[in-house]
1. Taking the condition of being over 19 Å from residue 235 (Cα atoms) and not in a helix (DSSP H, G or I), how many residues in the stretch 40-69 meet it?
2. Identify all residues within the stretch 206-218 that are closer than 21 Å to residue 25 by Cβ and surrounded by fewer than 16 Cβ atoms within 10 Å (Cβ to Cβ); write none if there are none.
3. Would you mind finding the one in 21, 34, 83 that is within 20 Å of residue 206 (Cβ to Cβ) and surrounded by 17 or more Cβ atoms within 10 Å (Cβ to Cβ)?
4. Please work out which residue is farthest from the chain's Cα centre (by Cα), limiting yourself to the stretch 262-274 and to residues that are in contact (Cβ under 8 Å) with a residue 12 or more places away in the chain and either loosely packed, with under 14 Cβ neighbours inside 10 Å or not in a helix (DSSP H, G or I) (or both).
5. In the stretch 37-80, how many residues are surrounded by 24 or more Cβ atoms within 10 Å (Cβ to Cβ) and more than 20 Å from residue 173 (Cα to Cα)?
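Laboratory data are not the source of any read-out in this text; all were calculated from the coordinates shown. These figures come from a predicted structure and were not determined experimentally. Quick reminder, even Gly has a Cβ in these numbers, built from the backbone with ideal geometry, and neighbours come from all protein chains shown.
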């Protein structure tokens, strides 16, 4: 069985890869429409997986209700706000805002779950989170001008949406931790969460909310990118996080899940053929050192 921290780091890798598929599709479709279609694809794939695993019958009405509420906070509000932020600020800058969910989660886990970080674990967590921030804030060269670095619309609105996404993720993690500790199947739990948020998005569309409508006509390339984003980020990434929460501390799972922006930097390098700035290398090194400090304290 893999360590929960490693599962969370693997989920971060999934989210970093998923961002490559999400950025353009979200801009073309609009944040609400993109999230709705992404949830649709994720829901279909997750229920197929849940039927294959065969543990969906273990779900109770109480667990379904709890998973649904956490989904509305973390996915309906959180993910939608994240893509609004990404559309305005780009993946790199939205990443640094979303990475603050690790700080929110650590605070909430201490206040409501009694989880605390001490000694080497606390120091390592500080180094890791600082490394993530350094890599994102100082990870771009001044001459970089690709579309993902542009600001669309109001900067403050983008910042507010990024922080709202981080807060939603932290609250959802806090809610799910006690439930996942009971041993509930992570795949079935992910399927319920995707379904609950998809139905909520569908209601918003049927209610005539203007923001829910497609910003531009669909095409097969956009749908493919959306489906790939759903498969990598939600089907695999979200399930890994839920699996990690079964045995891991909510604060450490959140901290390791925050490294996605660091993992995104080499991916952006591969896509745009531009080497990250020195700050990205320093931030990446700090993230590795912080991770090593945390894991060494658990041996």
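1. Total satisfying the criteria: 1.
2. Hits for the stretch 206-218 are 209, 210, 211, 213, 215, 216, 217, 218.
3. 34
4. Only one residue fits best here, namely 274.
5. 1
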